[in-house]
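Student: Questions regarding the structure given below will be posed in turn.
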Amino acid sequence: MPPLRTALLQSSGRPGAVAENLKVLDEAAARAAASGARLLVAPELFLTGYAIGDAVPELAEPADGPGARAVGEIAVRHGLAVLYGYPERDGERIFNASQLVGPDGASLANYRKTHLFGCFEQEWFTPGEQTVVQADLDGLRIGLLICYDVEFPENVRAHALAGTDLLLVPTAQMHPFQFVAESVIPVRAFESQMYVAYVNRTGPEGEFEFVGLSCLAGPDGTVRTRAGRGEELVIGEVDPEFLAASRAANPYLNDRRPGLYGSLA
């Protein structure tokens, strides 16, 4: 299989303005497609903005709502898959969610954040209950987590054991936790032998200061592409052949002794 060219959109868009954020996503998709990318990944809650406070219930929508349909049109128009974050309404509950839309505009997977960070998220969102959500794209098994989820090694290892090749992590990583982007993400990729695309917001937003530093980390623990602190679209490649060779050379998953770990759960 050829490498999956992947574009990371580091942007906060315009918080509270869904139409403007869809425009930013459309423009990024055009640039990504022109570079040969088959996948575009946007940050956590990109559709609406993160620091939207009381507007969360108003802007939340079902997984098949108007935002999803608009993203599907973007995917079809530019011929690539798109992963975006949004507040998902399901009855009276609202989830911090991400959805992967295929190049044909159809939903491939929808994930609800399982580990909510801080008072803001805990006030407005219900935690998800499904740890491993996956989809197949161009011969690769794609897994989904959101921001704080990836900081729990159990989550990433669960994906590794389920066969995830590329873990997509839309993020709202804020100051002073930039060490997660700089250090934790490459380690997660190495210890669980997968690619990890960590895609952040950037700049001030409400009470938060997002640090950027989006990256694509490989299974050898090296960063294949990294953004700076501002608005940026960066491109990297997920190479199935390199992934297979890395897994053969690094036997973490085969050398595990699960019988010793029961107390951890």
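The values are calculated or read from the model by the stated rules, or taken from the named source; none is laboratory data. Please read all numbers here as calculations on a predicted model, not as lab measurements. When we count neighbours, we look across all protein chains shown, and the Cβ atoms used for this are built from the backbone with ideal geometry, even at glycine. Accessible surface is based on the protein model in full, side chains and every heavy atom, while ligands, DNA and RNA are left aside. Shrake-Rupley method; radii C 1.70, N 1.55, O 1.52, S 1.80 Å.
Student: Which one of the conditions (1) buried (at least 21 other Cβ atoms within 10 Å of the Cβ); (2) touching a residue at least 40 places away in the same chain (Cβ under 8 Å) does SER35 fail to meet, given that it meets all the rest?
Tutor: That leaves (1) as the condition not met.
Student: Might you check whether a residue that is in a strand (DSSP E or B), in contact with a strand residue (DSSP E or B) (Cβ under 7 Å, 6 or more places away or on another chain), over 16 Å from ALA7 (Cβ atoms) and open to solvent by less than 70 Å² (accessible area, probe 1.4 Å) occurs anywhere in the range 187-203? Spell out the reasoning first.
Tutor: So the first thing to find is which residues in the range 187-203 are in a strand (DSSP E or B), and the list is 195-199, 202-203.
Cutting the leftovers down to in contact with a strand residue (DSSP E or B) (Cβ under 7 Å, 6 or more places away or on another chain) gives us 195-199, 202-203.
Then keep just the ones that are over 16 Å from ALA7 (Cβ atoms); that gives 203.
Filter once more, so that each one left must be open to solvent by less than 70 Å² (accessible area, probe 1.4 Å): 203.
Yes.
Student: A further question follows. All but one of (1) of a type outside the set (S, T, N, Q); (2) in contact (Cβ under 8 Å) with a residue 24 or more places away in the chain; (3) over 19 Å from CYS147 (Cα atoms); (4) open to solvent by 30 Å² or more (accessible area, probe 1.4 Å) hold for ALA244; which doesn't?
Tutor: It fails just one condition, (2).
Student: Would you confirm, using the coordinates I've provided, whether GLY85 is in contact (Cβ under 8 Å) with a residue 24 or more places away in the chain, in a loop (DSSP other than H, G, I, E, B) and closer than 21 Å to GLY203 by Cα?
Tutor: No, not satisfied.
Student: Can you tell me which residue among VAL184, VAL156 is modelled with pLDDT of 95 or more, open to solvent by less than 10 Å² (accessible area, probe 1.4 Å) and either in contact with a Ser or Thr (Cβ under 6 Å, 6 or more places away or on another chain) or outside any loop (DSSP other than H, G, I, E, B) (or both)? Explain how you work it out, then say what you get.
Tutor: On the way: VAL184 fails: open to solvent by less than 10 Å² (accessible area, probe 1.4 Å).
Just one listed residue meets the conditions, VAL156.
Student: On to the next question. Can you confirm whether ILE74 is of a type in the set (A, V, I, L, M, F, W, C) and open to solvent by 10 Å² or more (accessible area, probe 1.4 Å)?
Tutor: The answer is no for ILE74.
Student: Of the residues that make up the range 165-178, is at least one assigned to a strand (DSSP E or B), acidic (Asp, Glu), within 22 Å of MET1 (Cα to Cα) and under 19 Å from the mean Cα position of the chain (by Cα)? Walk me through it before giving the result.
Tutor: Pass one, the range 165-178, residues assigned to a strand (DSSP E or B): 166-170, 174.
Still in the list and also acidic (Asp, Glu): none.
Looking through the range 165-178, none of the residues is assigned to a strand (DSSP E or B), acidic (Asp, Glu), within 22 Å of MET1 (Cα to Cα) and under 19 Å from the mean Cα position of the chain (by Cα).
Student: Residues PRO103, PRO66, PRO57, PRO87: which one is surrounded by fewer than 15 Cβ atoms within 10 Å (Cβ to Cβ), touching a strand residue (DSSP E or B) at 6+ places or on another chain (Cβ under 8 Å) and not aliphatic (A, V, I, L, M)? Working first, answer last.
Tutor: Working: PRO103 fails: surrounded by fewer than 15 Cβ atoms within 10 Å (Cβ to Cβ); PRO66 fails: touching a strand residue (DSSP E or B) at 6+ places or on another chain (Cβ under 8 Å); PRO87 fails: surrounded by fewer than 15 Cβ atoms within 10 Å (Cβ to Cβ).
Answer to the selection: PRO57.
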